[in-house]
Amino acid sequence: MSRKKRVALLIAAVLLVWAVVAYLVMPDAWEWYVGRHPALEDIPDVTHTAAGIPGDPLNVGDNPRKRHHVRFWRSEKTDPDGRPLWIGSATYDERVGLSHTTGQVTHHIAADVDAERDHLLSNLEAIGELSEAYTIDDFHKTRQGRNGGGDPWHTDGRLLVGVITAE
């Protein structure tokens, strides 16, 4: 067998092993991790995707590579009027690439998560969907880190609360 054929077979084998690990093994490993990670166990009253991962995403934009990505979790708690309370987070997906932790194709986020948080609340306010908005300073004790895909992020630690206008 020629050297070119051996190299081509080796590359094909490596790609096959990568595909099996990235798309068959790692999703199960991630679900196992999410279910057992101590920081995720303390999150109160959140919904989960069909796969058991906390939260369901809402993507906004016409470009699948660069988009506003919002997650809302419905809690079991209600406000004084009996309406459900929702928790949300927002990130900006700035590009598509491989996850630094799983090797799977994923979206990489912009590191400044506060910019997207502010963008979401200002848009809701601009279209008249907020009846109230306020800030809780020093809510987040951890101010920087990496997400599940290995992307760096940073925050000012403030929690912005927006109350959606009742219909």
Give 79, 112 a once-over and let me know the one that is loosely packed, with under 13 Cβ neighbours inside 10 Å and more than 30 Å from residue 17 (Cα to Cα). 79
Residue list for region 100-124, filter: at pLDDT 90 or above and either over 22 Å from the mean Cα position of the chain (by Cα) or of a type in the set (Gly, Ala, Ser) (or both): 110, 111, 115, 122
May I ask you to list pairs of residues, at least six apart or on different chains, whose Cβ atoms are under 9 Å apart, with the first in region 150-165 being surrounded by 15 or more Cβ atoms within 10 Å (Cβ to Cβ) and the second being part of a loop (DSSP other than H, G, I, E, B) and among the aliphatic types (A, V, I, L, M)? 151/110; 151/111; 153/110; 153/111
Could you say which residue among 116, 94 is assigned to a strand (DSSP E or B) and of a type in the set (Asp, Glu)? 94
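The values are calculated or read from the model by the stated rules, or taken from the named source; none is laboratory data. Treat the numbers as computed from the prediction; the structure is a model and nothing was measured. For neighbour counting, all protein chains shown are included, and Cβ atoms are generated from backbone atoms with ideal geometry for every residue, glycine included.
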